[in-house]
Amino acid sequence: MRNLILIVIAAAVVGGVYFFVSGAEEPAPEVVTEPAGEEAPEVVEEATEEPADTSVEETVEETVEEATEAVEEAAEEATEAVEEAVDGLVEEATQAGEDAMEAVEGVADEATEAVEDAVGQGAAAEGGLAALLDADTLDLDAVSEFVQGSDIGLGEKTAIGALIEQARNNPELVDALISQLREQFGL
């Protein structure tokens, strides 16, 4: 990109110089209609003794040098501006990445805590249910409360609740209820 800018500016300078040089015509010498007197040799002598201040070539060279310096300066400024912009973008992207990592770490920590809590509650619940599921000391009200407080689906809660009520009315179904509950809760 920098080279392209330099080429465009250099082309504009060269075009300007060409236009300046080709459009500038040297003034036509004045035609003197007076007779040459005594002053004429003096004027000619002065003109030949004093060299011209600048020639066309020197003007072109100076213009090209100035244009080159301007192009280089503009290129340096453009390079600095691009570098500053890139540095700013890199800094912003780095900060955004760090913020995203912090957010992900926070979410991961929260998820880990939630899983640990759930596992701990599940283990306590399984231990509690296992203690409740002893055929000799079975407390159907405590089992019913445990099932209603668990995170199984509503349909499963309703079906197990119906089994508990049937076991209350028919003690022969207690073993089937215990088997069903062990299977349902993975004990």
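Data table
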item: Backbone HN-Hα couplings from phi across region 69-82 [Karplus 6.51/-1.76/1.60, Hz, Gly and Pro as x]; result: 4, 5, 5, 4, 5, 5, 5, 5, 5, 5, 4, 4, 5, 5
item: In nm, spacing of pseudo-spin labels at residue 73 and residue 187 (7 Å Cα→C-beta vector); result: 8.9
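Read-outs: derived from the displayed coordinates by stated rules, not from any lab. Bear in mind that the values here come from a model prediction, so they are computed numbers and not experimental data. No Cβ is skipped: glycine too gets one built from the backbone with ideal geometry, and neighbour counts run over all protein chains shown.
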